[in-house]
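In what follows, a single structure is set out as structure tokens and then discussed.
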Amino acid sequence: MITGRQVRAARALLNWTQEMLAEKALVALTALKRLESERGLGVHESTTDQVRRALEAAGILFIESGQGRGVMFLHETSGIETRQARVRRVRSPT
């Protein structure tokens, strides 16, 4: 599951506004603001999934390891299967 902090970081890497991401992810702006809030306001899982997919399609890779979570901007957008394989390689074994 991605965090609001990761979404904000991903938007910064892409130089996207909240309005731009909401439009690309086909979610309500208020839902995106809730997802990104520091207070951890709840949103539907489908909203989080749509936001994640839109960011991944733009070249964002979500990273999770034993040391924390983050994002990386890839210069290519070669398909979800490739990105998922990269995530598995980046994650540390548990």
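The values are calculated or read from the model by the stated rules, or taken from the named source; none is laboratory data. These numbers were taken from a predicted model, which means no experiment stands behind them. Cβ sites come from the backbone with ideal geometry, for glycine too, and all protein chains shown count toward neighbours. SASA here: full protein model, heavy atoms, side chains in, ligands and nucleic acids out. Shrake-Rupley method; radii C 1.70, N 1.55, O 1.52, S 1.80 Å.
Side notes on the structure shown:
- Test result for Glu23, assigned to a helix (DSSP H, G or I), surrounded by fewer than 14 Cβ atoms within 10 Å (Cβ to Cβ), of a type in the set (Asp, Glu) and more than 14 Å from the chain's Cα centre (by Cα): no
- Among the criteria (1) open to solvent by 50 Å² or more (accessible area, probe 1.4 Å); (2) at pLDDT below 95, the one Leu29 does not fulfil is (2).
- Checklist (1) modelled with pLDDT under 95; (2) open to solvent by 50 Å² or more (accessible area, probe 1.4 Å) applied to Arg83, failing item: (2)
- Candidate set: the stretch 38-76, residues that are open to solvent by 30 Å² or more (accessible area, probe 1.4 Å) and among the hydroxyl-bearing types (Ser, Thr, Tyr); chosen: the one modelled with the highest pLDDT: Ser46
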